[in-house]
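The values are calculated or read from the model by the stated rules, or taken from the named source; none is laboratory data. Being a predicted model, the structure only gives us computed values, none of them experimental. All Cβ positions, glycine included, derive from the backbone under ideal geometry; neighbour counts span all protein chains shown.
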Amino acid sequence: MTRKDIPNLISIIRVLLVIPVVSALLDHQFGLAMVLFAIAGISDALDGFLAKHYHWESRLGSILDPLADKLLLVASFATLTWLGFIPNWLLWLVLGRDIMIISGSLAYHYFVGKFKLLPLWSSKINTFFQILLVFAIILQHYADLAIQYWIETGISLVIISVIISGAEYIIVWGRRAWQHHQNN
C-alpha cells in the first residue's frame, strides 16, 4: 500500500461505517449515529481533499467515493423511513433518481460508448441536502429538538434538488449521446 491508496482506504472505511450507522439508528442510539454519520461526512471531505490536492486520484477512487456516499445515504434514508421519520414516497423519489442515473449510465456505456461519469453540480447540491436532512432528523431525535420546520424545509429542498438533478442528468447525457450519434 502506498500513500496514493489512502483516499481509497478512507472510502472503504466509509463503506464499512454504513453497518454501525444503521445499527445505531435501529437501536435508537441517535448520539452514536450522529457521531458516526459525522465521521463519514468528514472522511468524505478528507479523501476528496487528499485525492485532489496530492493528485492521488484513481479509477477505483472514482467508483469507491460515490459508492460509499450512496450506500451511506440510501441506507440512512431507508432506515429512517423504516423508523417512520422519512415518508416512504421520499425514499422512493430519491431511489428513483439514483436508479435512473445508473440505468442511463449503463445504457450510455452499452449503446453509445465509454464515458467518465462526473457528478453534476446539481447532484452535489442534492447530496448535500440529503446529508443535511438525515443529520437534522438524527439531531432532532437525539436532542429532542423542535425543529420540524427545518426538517420539512429539508424535505422540500431534497424534492426540488432530486427533480432538478435528475432532469439535468437526462438533458446533459441525452445531449452527449445525441452529439455522439451525430458525429458517427
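Could you list, in sequence order, all residues of the range 163-180 that are farther than 28 Å from VAL134 by Cα and either in contact (Cβ under 8 Å) with a residue 12 or more places away in the chain or surrounded by 13 or more Cβ atoms within 10 Å (Cβ to Cβ) (or both)?
Taking the range 163-180 and keeping what is farther than 28 Å from VAL134 by Cα, we get 171-180.
Selection gives VAL172, TRP173, ARG176, ALA177, HIS180.
If you check LYS4 against the conditions, is it basic (Lys, Arg), under 15 Å from the mean Cα position of the chain (by Cα) and at pLDDT below 95?
Spelling it out, it is not the case that LYS4 is basic (Lys, Arg), under 15 Å from the mean Cα position of the chain (by Cα) and at pLDDT below 95.
Do you know which of the residues in the range 84-116 that are free of Cβ contacts under 8 Å to residues at least 24 places away in the same chain and part of a loop (DSSP other than H, G, I, E, B) is surrounded by the fewest Cβ atoms within 10 Å (Cβ to Cβ)?
LYS114
Looking at (1) in contact (Cβ under 8 Å) with a residue 12 or more places away in the chain; (2) in a loop (DSSP other than H, G, I, E, B), which is the one condition that is false for ILE12?
Checking ILE12 against (1) in contact (Cβ under 8 Å) with a residue 12 or more places away in the chain; (2) in a loop (DSSP other than H, G, I, E, B), the one that fails is (2).
Sort through PRO7, PRO20 and tell me the only one that's of a type outside the set (Lys, Arg), crowded, with 21+ Cβ neighbours inside 10 Å and either touching a residue at least 12 places away in the same chain (Cβ under 8 Å) or under 15 Å from LEU64 (Cβ atoms) (or both).
Step by step, each of PRO7, PRO20 is checked, and only PRO7 is of a type outside the set (Lys, Arg), crowded, with 21+ Cβ neighbours inside 10 Å and either touching a residue at least 12 places away in the same chain (Cβ under 8 Å) or under 15 Å from LEU64 (Cβ atoms) (or both).
Of the residues VAL74, VAL35, VAL21, VAL94, which single one is in contact with a Ser or Thr (Cβ under 7 Å, 6 or more places away or on another chain) and closer than 17 Å to LEU133 by Cα?
Just a single option satisfies the conditions, and that option is VAL21.
Do we have ILE147 as farther than 27 Å from TRP173 by Cβ, of a type outside the set (Asp, Glu) and out of contact with any Gly (no Cβ under 6 Å at 6 or more places or on another chain) here?
The answer is yes for ILE147.
Which residues, taken from the range 34-66, are aliphatic (A, V, I, L, M) and surrounded by 14 or more Cβ atoms within 10 Å (Cβ to Cβ)?
MET34, VAL35, LEU36, ILE39, ALA40, LEU46, LEU50, ALA51, LEU64
Run HIS28 past the list (1) surrounded by fewer than 18 Cβ atoms within 10 Å (Cβ to Cβ); (2) part of a helix (DSSP H, G or I) and report the number of the one that doesn't hold.
Of everything listed in (1) surrounded by fewer than 18 Cβ atoms within 10 Å (Cβ to Cβ); (2) part of a helix (DSSP H, G or I), HIS28 misses just condition (2).
Select from the range 144-162 the residues that are touching a residue at least 40 places away in the same chain (Cβ under 8 Å) and surrounded by fewer than 20 Cβ atoms within 10 Å (Cβ to Cβ) and write down the one among them that is farthest from GLY31 (Cα to Cα).
Just the residues of the range 144-162 that are touching a residue at least 40 places away in the same chain (Cβ under 8 Å), to begin with: 155, 158-159, 162.
If we keep only those that are surrounded by fewer than 20 Cβ atoms within 10 Å (Cβ to Cβ) too, we end up with 155, 159.
On the way: ILE155: 22, ILE159: 27 Å.
Per the criteria, the residue is ILE159.
Please give the number of the condition LYS70 fails out of (1) in contact with an Asp or Glu (Cβ under 8 Å, 6 or more places away or on another chain); (2) among the charged types (D, E, K, R); (3) modelled with pLDDT of 95 or more.
(3)
Tell me which residues, restricted to the range 1-27, are in contact with a Gly (Cβ under 8 Å, 6 or more places away or on another chain) and within 29 Å of HIS141 (Cβ to Cβ).
Result: SER11, single match.
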